[in-house]
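Working notes, beginning with the structure itself.
Derivation of every value follows stated rules applied to the coordinates shown; laboratory data play no part. Every value quoted in this text rests on a predicted model; they were computed, and no experiment measured them. So basically every Cβ, Gly included, is an ideal-geometry build from the backbone, and we count neighbours across all protein chains shown.
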Amino acid sequence: MSLFGRPTTPDIRPGVFAWYPASSRGERRTFWICYAGHLLDAMDTQLYSFAIPSILVALALTRGQAGEIASASLLASAVGGWAAGIAADRIGRVRTLQITIGWFALFSLLSSFAQSYGELLFTRSLLGFGFGGETAVSAILMAEMIAPAARGRAVGLVQSAWSTGSIATALCSAAAFTVFPVETGWRVLFAIGVLPALLILIIRRSMQEPEIFVRSRATRTRAGNPLLIFSRPHLRTTIAATLVATGILGGNFAFNVWLPTFLRTVRHLSVLSTGGYLVVLYSGALLGYITGAYLTDRIGRKLNFAVFAVCAMAVLEVYTQLPISDSQMLFLGFPLGFFSSGILAGVGSFFSELYPTAIRGSGQAFAFNGGRALGALFPALVGIFGNTLPLGTAIGTIGLAPYVLMLFALLLLPETRGRRLDLVDGRIGGRLDEGGVRKI
């Protein structure tokens, strides 16, 4: 067995899209709705990164305050994500998805009316509460709908919508700041964030709960106690998975939140040029997600994470620390996006395979969003150190630590490729009775 564990299912059909033609109509519908939800979620989240340079001027904020708003939104998303995971175990995956999408759309719109640091901090924090939930629930939905051999690819492709949403955000940002003055362009961007509300109408008409969840709920008198994820059979898994998420997201946040500002204020690129650089980076991210989705089924969850993390660290240091030209930076953005975002493709399937059905929502949501909360500290650290150090130095230095943490945390978790979710109860942490309590 290798350092990162041997995958449990060797016979995987090749092709990142091979699972799609064989899937049912309901599975395909769920895929596209979750994909659209992730895309719009990404737009609502990334809009702030593009708006930071204008908000610094319009609301007279410091870099530290801008970083605090970004971190507060991410911290709130951690709380919202776990709350949504608990709700998904209790009232259902589909209904919870509707609530979370409506929530973050509303507070994106309200953010466009903010007149001060305090008001923007409040609205962006509550927006974070909603988008943290959508990310967790859509991953659970896909994981429970798709066969084990294709789960990594299907869930990873849904998560690739994040890069598609980022590309759309870059284009919307370039258009908004070209048409509107600095004082109002960022408000227009936030108002665009109300668009996800339209997706709720489609969800209400089209989606059904996964069969495994319906069966599990029928045999239980109540949902599993969410605190069971901290009980002895699951505590090590919860801690290790949270640290893995911290590493992946912390490394991503450390540079992604500040990258538009870095390009505008350090590299002195125009709004249109910045948008072009980011489109290259997000195009790399899209291919990275697709590649990561394929590799997580092909070589296993853990080895896939390790390869992407090491490569992301190397490219990040070259991008931020070496005296490269603007042209070199443009082309280097592609592998930077490829590795730093593509690493996320395996998270949804991996975390879903670590917990039994009764507490899958609670466990996956806590681990991912707990990691998001801890990872949210890194943009604030970049902002703080960026007040005294060159911004590129701050990004490159702070961005390394999370990936190193992730590599160590991976060693504490099993390889889960190919696991059947209906057998997880008996293979991880003991069986649960109908109330979600472990049988002795």
Which of the chymotrypsin sites (Phe, Trp or Tyr not before Pro) across region 302-406 are loop residues per DSSP, with 14 or fewer other Cβ within 10 Å? none
Taking Lys and Arg as +1 and Asp and Glu as -1, residues besides Gly132 with C-beta under 13 Å from its C-beta add up to -1
Could you tell me which of rounded, prolate or oblate describes region 27-87, using a ≥ b ≥ c as the square roots of the eigenvalues of the alpha-carbon gyration tensor, with rounded for a/c under 1.5 and, failing that, prolate when a/b is larger than b/c and oblate otherwise? oblate
Roughly how many debye, to the nearest 20, is the charge dipole of region 22-427 about its Cα centre, given +1 on each Lys and Arg Cβ, -1 on each Asp and Glu Cβ, and no other charges? 1120 debye
Over the chain, with a Gaussian network built from C-alpha contacts below 10 Å, which listed residue (Val347, Val315, Val307) shows the highest mean-square fluctuation? Val307
Roughly how many whole Å is it from the C-alpha centroid of region 150-193 to that of region 344-378? 24 Å
Go through 132-141, 281-290, 235-244 and give me the packing order, highest mean Cβ count within 10 Å leading. 132-141, 281-290, 235-244
Go through 155-165, 57-67 and give me the packing order, highest mean Cβ count within 10 Å leading. 155-165, 57-67
Ranked output for segments 112-119, 147-154 by mean other Cβ atoms within 10 Å, highest leading, reads 147-154, 112-119
Relative to the longest principal axis of the chain, what angle (0 to 90°, nearest 10) does the C-alpha long axis of helix 400-410 take? 0 degrees
How would you classify region 301-342 from its alpha-carbon gyration tensor, with a ≥ b ≥ c the square roots of the eigenvalues: rounded for a/c under 1.5, else prolate if a/b is greater than b/c, otherwise oblate? prolate
Taking the Cα atoms only, what angle lies between the long axis of helix 161-179 and the longest principal axis of the chain, rounded to 10 degrees? 20 degrees
Output the 0 to 90 degree angle, nearest 10, between the alpha-carbon long axis of helix 326-342 and the longest principal axis computed from the alpha carbons of the chain. 20 degrees
